[in-house]
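Here's the structure, in structure tokens; my notes come after.
The values are calculated or read from the model by the stated rules, or taken from the named source; none is laboratory data. All values derive from a computational prediction rather than experimental measurement. Using ideal geometry, Cβ is built from the backbone for each residue, glycine included, and neighbour counts are taken over all protein chains shown.
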Amino acid sequence: MAVIALVLYLVWFAIAFGIRAVVHRRRTGDAGFRGLSGRPGSAAWWAGVLFVLAIVTGLISPIAALLGLDSLPNLATRPVQLAGLALALAGMAATFAAQAAMGASWRVGVDPAERTGLVTAGAFSRVRNPIFSAMVLTAAGLTLMVPNVVGLSGLIALIVAIQLQVRIVEEPYLLDVHAADYRSYAAQAGRFVPGIGRITV
């Protein structure tokens, strides 16, 4: 299962970041990458650092398994691994669909001086951050496929990074740029899942 997880991860990464950036550049003239936010040591900066750490550990986890790293007790069973495969495939598909729905507004990171459109259609009509939700689903699936301490650490790092990025960086930015429109939208759509994390102030 480690080989399958490694192949899936490489395909997901290539499409979600590589191919997506190429397509975005062709359509807009910009690859969409904005890099780390905030001063070193700030919560925004840590969001970026932990995100990079999660991406790296996602690659290392199946490689470590192939090199003999033991799996976590009680998780390395065929039903758990098959459930992980299903979650990973669903997360990959959801990642690509949500990225496509963002159109010209797709970015990795935030430039405070930039003004992008507010996307509220498709998956964004129910959830404000469907790409991040799909990425966690993918990472959880891959972790279950190869349940070792490296993958679990990467999954935790990803969840913390996303929480910091959304709450500390992206939501304040969107409130600043879109003001009442974002407040109205955030009162209807959940943060990561429908109905949960709506902003009502």
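Restricting the first member to the stretch 81-104 and to residues that are in contact (Cβ under 8 Å) with a residue 60 or more places away in the chain, and the second to residues that are exposed (fewer than 15 other Cβ atoms within 10 Å of the Cβ) and part of a helix (DSSP H, G or I), the beta-carbon pairs closer than 7 Å and six or more apart or on different chains are ALA104/ARG27; ALA104/THR28.
Yes or no, residue by residue, for (1) over 15 Å from the mean Cα position of the chain (by Cα); (2) over 30 Å from ASP70 (Cα atoms):
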position: LEU85; (1), (2): yes, no
position: GLN99; (1), (2): no, yes
position: GLU114; (1), (2): yes, yes
position: PHE132; (1), (2): no, no
position: VAL150; (1), (2): yes, no
position: SER153; (1), (2): yes, no
position: ALA161; (1), (2): no, no
position: GLN165; (1), (2): no, yes
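Give GLY48, GLY91, GLY103, GLY84 a once-over and let me know the one that is of a type in the set (Gly, Ala, Ser) and either on the phi > 0 side of the Ramachandran plot or not in a helix (DSSP H, G or I) (or both). From the options GLY48, GLY91, GLY103, GLY84, the qualifying one is GLY103.
Consider SER71 carefully, then state whether it is among the small types (Gly, Ala, Ser), under 16 Å from VAL110 (Cα atoms) and not in a helix (DSSP H, G or I). No; evaluated as a whole, the condition is false for this residue. Within the stretch 175-201, residues that are over 23 Å from ARG115 (Cα atoms) sit with their Cβ atoms under 7 Å from residues that are among the charged types (D, E, K, R) and in a loop (DSSP other than H, G, I, E, B), at 6+ positions apart or across chains, in these pairs: PRO194/ARG126; GLY197/ARG191. Remark: LEU36 matches the filter, which requires a residue to be closer than 30 Å to LEU118 by Cα and either of a type in the set (Asp, Glu) or at pLDDT below 85 (or both).
Each residue in the stretch 114-129 was checked for being assigned to a helix (DSSP H, G or I) and without any contact (Cβ under 8 Å) to a residue 40 or more places away in the chain, and 2 of them qualify.
Tell me yes or no: at least one residue of the stretch 126-146 is aromatic (Phe, Trp, Tyr) and more than 30 Å from VAL80 (Cα to Cα). No, the stretch 126-146 has no match at all. In this structure, is ASP111 farther than 30 Å from TYR185 by Cβ, charged (D, E, K, R) and either outside any loop (DSSP other than H, G, I, E, B) or in contact (Cβ under 8 Å) with a residue 40 or more places away in the chain (or both)? Against the criterion (farther than 30 Å from TYR185 by Cβ, charged (D, E, K, R) and either outside any loop (DSSP other than H, G, I, E, B) or in contact (Cβ under 8 Å) with a residue 40 or more places away in the chain (or both)), ASP111 does not qualify. Restricting attention to the stretch 1-45, the residues being assigned to a helix (DSSP H, G or I), of a type in the set (Gly, Ala, Ser) and out of contact with any Ser or Thr (no Cβ under 7 Å at 6 or more places or on another chain) number 6.
Taken residue by residue, the stretch 92-99 has at least one member that is crowded, with 20+ Cβ neighbours inside 10 Å and in contact with a strand residue (DSSP E or B) (Cβ under 9 Å, 6 or more places away or on another chain). Once the stretch 17-72 is narrowed to residues that are hydroxyl-bearing (Ser, Thr, Tyr) and surrounded by 14 or more Cβ atoms within 10 Å (Cβ to Cβ), the residue that is nearest to TYR173 (Cα to Cα) is SER37. Please go through the stretch 140-177 and give me each residue that is crowded, with 18+ Cβ neighbours inside 10 Å, of a type in the set (Val, Ile, Thr) and out of contact with any Phe, Trp or Tyr (no Cβ under 7 Å at 6 or more places or on another chain), ordered by number. Of everything in the stretch 140-177, those that are crowded, with 18+ Cβ neighbours inside 10 Å, of a type in the set (Val, Ile, Thr) and out of contact with any Phe, Trp or Tyr (no Cβ under 7 Å at 6 or more places or on another chain) turn out to be THR143, VAL146, VAL150, ILE159, ILE168, VAL169.
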